[in-house]
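The values are calculated or read from the model by the stated rules, or taken from the named source; none is laboratory data. Computed from a prediction, not measured in an experiment: that's the story for all the values here. Cβ: placed from backbone, ideal geometry, glycine included. Neighbour counts: every protein chain shown.
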Amino acid sequence: MPKIIKISLGDTLEMKKTHPCGDNRMKVLRVGSDIRIKCEGCSRDVTVARIKLEKNIKRVIPAQTGEKGSDL
């Protein structure tokens, strides 16, 4: 049985193949049985089946949440 990759809202996915614009990083916009991702290079968004997407992920970069010490 294939291992399910933990993907959360706001994570950045580094893909094995590049998008036609030349970037290989995608931002997660929606999570479920289908995952909606947005290319960080050209801002195009796509909805892909989780099973198909998991085969193409090289690594998951977790979202930065609750950053402390940031003064504006």
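Data table
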| read-out | value |
| --- | --- |
| Odd one out for Lys3 among (1) at pLDDT 95 or above; (2) basic (Lys, Arg); (3) more than 13 Å from the chain's Cα centre (by Cα) | (1) |
| Search result, residues across region 21-61 that are surrounded by 12 or more Cβ atoms within 10 Å (Cβ to Cβ) and among the small types (Gly, Ala, Ser) | Gly41 |
